[in-house]
Amino acid sequence: MKNQSLKDILPLIEKPSRYLGNEKNSVKKDIESISLHIALAFPDLYEIGMSHFGLQILYHILNEQTHIAAERVYAPGSDLAAHMKSAGVSLSSLETGTPLSGFDIIGFSLLYEMNYTNVLMMLDLAGIPFYSSDRGDSHPMIIAGGPCTVNPEPVADFFDAMVIGDGESVIVEMAQAWMKWKDGGGGDKNSLLKDWANIEGVYVPSFFQPVYDGPDFKEIQPKFDDYRRVRRAIVADLDQAAFPDSPVVAYGRPVHDRLRLEVARGCTRGCRFCQAGMIYRPVRERSVENLMDLTEKSIAATGYEDISLLSLSTGDYGSLSALMQGLFNCYSSENIALSFPSFRAGTLTPEIMNLVKQVRKTGFTIAPEAGSDRLRAVINKNITEQEIFDTVSSAFELGWKLIKFYFMIGMPTETDADRLAIVDLVKRIRQKLKSEGRRPNINVSIGTFIPKPHVPFQWSPQISLEESKKIIFDLKRQLKMPGVEFKWQKPELSILEGLWARGDRRLSRLLEIAYRKGCCFDGWSDRFDYPLWETAIHEAGVDINYYTTRIRSTDEPLPWDHIDTGVSREFLISEYENALTETSLPDCRSGDCQGCGVCDFDKIKPVCFAPEKTSALFSNSGVRHPVPSQDVRFEIFYSKTGAAKFFGHLEMVNIFSRAIRRAGLKTKFTQGFHPKPKMSFHNPLSVGMESEEESFYIMLRESANCEDIVSSMNSQLPEGLLVTGCSNIPANKRPKLSETADYTVTVTEEAFEDQKITAFNETAEWFVTRTTKKGRKKQIDLKEIVLNLKRLSPVTLKMQLKMVEGKSVRPADVIKSVFQFSDTTILCAEFLKEKQKDTPEC
């Protein structure tokens with residue numbers, strides 16, 4: 001249906017709140033007053049993109065610039081994408097609804113190779129040509145950043161420029177260069193690209209030309225002598241780098257729905273398979289003082305109830321004990337929890353173990369990667385079997401109930417004995433837990449090793465699809481036992497990830513073919529279609545084994561040789577040779593420099609904080625002691641209209657809970673390990689339902705003025721949610737719920753017919769069938785529930801329903817049954833629940 005807008009489509013799709021763009025701390029600028037309009041694009045669903053903190057950092061940095069407006073756009077769900085295509089609606093930004101084609105720059109975050117088809121989907125929905133060579137002066141500049149850009153070649157043809165490394169300073173320099181270019185009249189984009197090429201960390205693909213010798217990659221030739229290699233941009237001091245202290249608070253249920261603090265960047269453990277451990281060097285830690293300051297501001301700005309510490313190896317953070325103690329001292333009285341998903345085996349000191357007892361526990365992850373000490377020496381995973389056993393015992397002693405193990409198969413020099421060692425290790429840990437009187441609860445996850453660029457194993461072959469399948473299902477059979485759950489990544493997904501990780505520009509045609517055939521959201525198991533990919537690979541004439549399963553010599557030219565991460569080729573070769581001799585390399589954090597080449601020891605060097613310098617920082621200061629509770633109960637009245645009708649009930653409870661925390665109201669909490677605010681909502685509304693008045697009860701720990709409660713909460717709520725009243729309620733008073741509810745219903749595509757109303761009114765019984773949560777069918781007589789149906793106009797109906805316990809019926813059910821409207825008409829109808837007449841005011 002043409003001439004529709006996104007607003008018209010939202011009622012028809014799932015999770016519509018992910019497209020509203022009015023979350024707390026989102027930034028909406030006057031587009032007429034800015035010089036540069038940037039869209040930060042994430043090629044996956046909102047719930048995934050909002051969990052990626054790198055995009056939040058760039059959003060914060062750019063919007064701090066007066067003349068720059070940065071907005072967000074995420075890959076739309078398949079349901080919305082289909083509606084947009086049929087309706088001719090262009091993909092647009094969340095904040096202002098600006099079509100992507102109307103931005104000056106679009107910057108994609110490339111975190112995962114299997115999201116590449118989503119990039120094309122987003123460009124397609126925006127009406128923007130895929131290839132940079134096909135885009136003219138009227139199109140936005142398309143750029144990208146993220147870890148995948150360390151081998152930019154498979155997707156280089158689609159981008160005007162790509163950022164290699166840390167983006168904090170690079171993105172600002174690129175923005176300034178764009179504004180200077182535009183002030184000079186704009187014109188030829190090549191002049192802008194030349195300016196961008198002068199910024200450290202910026203790769204301009206059109207300034208390089210790949211050369212092939214038959215089927216083989218030969219070299220990549222620079223077009224300019226002064227631009228032959230691209231050096232990774234590195235932020236030297238995280239304490240001096242911008243970090244959002246008012247991050248956008250997501251709607252719905254993002255993967256990471258908590259305050260995330262990046263305690264460090266980089267890792268020096270030196271695992272030879274780990275790309276992140278190589279391309280994010282050196283280790284740079286944030287100071288405890290900086291992290292505590294960020295936490296205080298961020299908790300006040302977001303209302304989060306959970307804090308998570310981010311880094312490649314959080315257990316290695318030098319001042320972990322001091323930081324944990326400071327966070328516990330300051331926030332435990334407010335029931336703000338600290339969560340830890342994992343610790344590296346061997347890093348649980350007695351002091352940390354004592355602190356971890358207070359941490360909220362879900363599953364504890366250990367990544368031995370290999371089953372044998374021999375193979376762990378090959379990959380430089382310097383943990384012993386004894387350390388693994390000790391860590392498991394410590395985790396259970398500290399309160400964890402679930403242990404998650406992650407192993408890889410297909411690593412260099414791996415033998416049958418190494419794979420049998422995985423089975424043996426899990427069995428012996430299971431037996432140890434049983435002998436200690438503990439109930440084994442073990443998850444074992446298996447992934448196929450993928451040789452990534454810029455690691456010592458970049459020359460290694462990836463095992464074939466057939467071999468990967470055989471190994472995985474052999475392990476699955478051998479680990480089939482009570483208390484052990486076996487999971488694995490699809491080998492087909494791994495082989496494709498390997499293709500895109502080590503590919504060259506000849507794959508760009510394959511990506512287009514795959515997308516045109518329907519490949520999209522390939523990282524999602526329910527959307528991944530390997531046979532479709534096989535068809536595309538055949539049509540594109542790509543030899544997948546050339547990129548994945550063959551052995552490379554260390555003197556072979558690689559498509560990413562012109563990208564300089566700082567780690568030298570000589571170091572990678574040396575480490576490759578060390579692997580073959582099972583020689584471990586120690587961590588340079590606590591030992592000598594291993595000569596990887598990243599540090600110049602002037603500007604770029606490791607930044608680590610010693611425990612002894614900070615361990616006493618928060619022993620006596622900053623402690624917030626709980627004050628004696630003076631419990632007071634309130635009933636809060638609110639309206640839910642406009643865009644807020646798209647909030648689900650649990651989502652809305654979360655919004656209110658965080659708004660109350662931001663407003664500074666001291667909520668009473670439930671008891672137990674996972675305390676919740678003492679709040680109870682009446683009669684949950686369906687998604688899409690508006691209401692003039694709803695209410696909930698809340699218990700506060702101290703007295704508050706009703707007018708202050710109303711004003712403070714309204715300052716923290718999104719558009720469409722409005723607190724309209726408040727009253728003090730005795731603690732023992734039971735809620736008195738109304739026995740009836742009045743609704744006004746408005747439709748657009750069809751009309752309410754008088755004869756159908758008459759037919760309903762004149763019949764003695766009118767049954768509808770409802771399916772219960774347990775799947776049982778239940779007959780409900782609408783005549784017992786519908787007290788009144790009155791047509792106000794051909795498209796407007798007034799309805800009164802009786803609230804009968806055990807016979808819940810939604811207004812939509814009544815309309816559908818009585819008037820036989822289509823599902824689309826029902827979804828697009830406007831349902832308004834009217835205010836009861838006797839509500840107290842402040």
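Quick notes on this one:
- Strands (runs of 3 or more DSSP E) contained entirely in segment 772-836, each with at least 1 residues that are in contact with a Leu (Cβ under 9 Å, 6 or more places away or on another chain): 786-793, 796-802, 830-833
- Pick from segment 657-669, criterion without any contact (Cβ under 8 Å) to a residue 60 or more places away in the chain and open to solvent by less than 40 Å² (accessible area, probe 1.4 Å), ranking: nearest to Ser246 (Cα to Cα): Ala663
- Of the residues making up segment 633-645, those that are open to solvent by less than 20 Å² (accessible area, probe 1.4 Å) and either without any contact (Cβ under 8 Å) to a residue 24 or more places away in the chain or of a type outside the set (D, E, K, R) (or both) are Phe634, Ile636, Phe637, Tyr638, Ser639, Ala644.
- Checked against the criterion of being more than 28 Å from the chain's Cα centre (by Cα), under 30 Å from Gly399 (Cβ atoms) and hydroxyl-bearing (Ser, Thr, Tyr), segment 689-708 contains not a single residue that satisfies it.
- Scanning segment 131-173 for residues that are in contact with a helix residue (DSSP H, G or I) (Cβ under 8 Å, 6 or more places away or on another chain) and among the acidic types (Asp, Glu) yields Asp137, Glu153, Asp157, Asp160, Glu168.
- Residue within segment 287-306 that is open to solvent by less than 20 Å² (accessible area, probe 1.4 Å), acidic (Asp, Glu) and over 21 Å from the mean Cα position of the chain (by Cα) present: no
- Residue in segment 77-92 that is in contact with a Gly (Cβ under 8 Å, 6 or more places away or on another chain) and in contact (Cβ under 8 Å) with a residue 40 or more places away in the chain present: no
- Odd one out for Cys842 among (1) modelled with pLDDT of 95 or more; (2) under 23 Å from Ser639 (Cβ atoms): (1)
- Residue match in segment 412-421 (condition: among the charged types (D, E, K, R), without any contact (Cβ under 8 Å) to a residue 12 or more places away in the chain and surrounded by fewer than 15 Cβ atoms within 10 Å (Cβ to Cβ)): yes
- Of Ile450, Ile471, Ile446, all but one fail to be outside any helix (DSSP H, G or I), among the β-branched types (Val, Ile, Thr), open to solvent by 10 Å² or more (accessible area, probe 1.4 Å) and at negative phi; the exception is Ile450.
- Any hit, segment 239-246, residues being farther than 30 Å from Leu20 by Cα, crowded, with 20+ Cβ neighbours inside 10 Å and out of contact with any Gly (no Cβ under 8 Å at 6 or more places or on another chain): no
- Within segment 812-823, residues that are without any contact (Cβ under 8 Å) to a residue 12 or more places away in the chain have Cβ atoms under 6 Å from residues that are of a type outside the set (Asp, Glu) in these pairs: Lys816/Ile826, counting only partners at least 6 apart in sequence or on another chain.
- For segment 787-803, the condition of being touching a Phe, Trp or Tyr at 6+ places or on another chain (Cβ under 9 Å), free of Cβ contacts under 8 Å to residues at least 40 places away in the same chain, crowded, with 17+ Cβ neighbours inside 10 Å and among the hydrophobic types (A, V, I, L, M, F, W, C) holds for at least one residue.
- Considering residues of segment 366-393 that are among the hydroxyl-bearing types (Ser, Thr, Tyr) and surrounded by 18 or more Cβ atoms within 10 Å (Cβ to Cβ) only, the residue nearest to Thr349 (Cα to Cα): Thr391
- Here the strands (runs of 3 or more DSSP E) wholly within segment 143-224 that include at least 1 residues being touching a Ser or Thr at 6+ places or on another chain (Cβ under 7 Å) and open to solvent by less than 50 Å² (accessible area, probe 1.4 Å) are 161-163.
- For segment 12-66, a residue qualifies if it is at pLDDT 95 or above, of a type outside the set (Asp, Glu) and under 18 Å from Ala241 (Cβ atoms), and the qualifying residues are Leu40, Leu55, Gln56, Ile57, Leu58, Tyr59, His60, Ile61, Leu62, Asn63, Gln65.
- Qualifying residue in segment 608-631 (condition: β-branched (Val, Ile, Thr) and at pLDDT 90 or above): no
- Members of segment 513-541 found to be surrounded by fewer than 23 Cβ atoms within 10 Å (Cβ to Cβ), under 26 Å from the mean Cα position of the chain (by Cα) and in a helix (DSSP H, G or I), listed by number: Tyr515, Tyr530
- Within segment 634-676, the set of residues being in a loop (DSSP other than H, G, I, E, B), closer than 20 Å to Cys828 by Cα and not aromatic (Phe, Trp, Tyr) comprises Thr641, Gly648.
- Contact annotation: residue pairs with Cβ atoms under 9 Å, 6 or more positions apart or on different chains, pairing a residue in segment 563-584 that is closer than 17 Å to Pro451 by Cα and open to solvent by 50 Å² or more (accessible area, probe 1.4 Å) with a partner that is of a type in the set (D, E, K, R) and part of a loop (DSSP other than H, G, I, E, B), are Arg569/Asp561.
- Members of segment 474-503 that are outside any loop (DSSP other than H, G, I, E, B) and under 25 Å from Val426 (Cα atoms): Asp474, Leu475, Lys476, Arg477, Gln478, Val484, Glu485, Phe486, Lys487, Trp488, Pro491, Ser494
- Qualifying residue in segment 141-158 (condition: farther than 17 Å from Ala39 by Cβ, in contact with a Gly (Cβ under 7 Å, 6 or more places away or on another chain), in contact (Cβ under 8 Å) with a residue 60 or more places away in the chain and not aromatic (Phe, Trp, Tyr)): yes
- Test: residue in segment 67-74 that is among the hydrophobic types (A, V, I, L, M, F, W, C), modelled with pLDDT of 95 or more and over 20 Å from Val172 (Cβ atoms): yes
- Pairing each residue of segment 255-281 that is under 20 Å from Val607 (Cβ atoms) with any residue that is at pLDDT below 95 and acidic (Asp, Glu), provided the two are 6+ apart or on different chains, yields C-beta distances under 8 Å for Ala264/Asp316; Cys267/Asp316; Thr268/Asp587; Arg269/Asp316; Arg269/Asp587; Gly270/Asp587.
- Boolean, Ser460 is in contact with a helix residue (DSSP H, G or I) (Cβ under 9 Å, 6 or more places away or on another chain), free of Cβ contacts under 8 Å to residues at least 60 places away in the same chain, open to solvent by less than 10 Å² (accessible area, probe 1.4 Å) and under 20 Å from Asn545 (Cα atoms): no
The values are calculated or read from the model by the stated rules, or taken from the named source; none is laboratory data. These figures come from a predicted structure and were not determined experimentally. In this analysis, Cβ positions are derived from the backbone assuming ideal geometry, glycine residues included, and neighbour counts consider all displayed protein chains. Side chains are part of the model used for accessible areas, which takes the heavy atoms of the whole protein and leaves out ligands, DNA and RNA. Shrake-Rupley method; radii C 1.70, N 1.55, O 1.52, S 1.80 Å.
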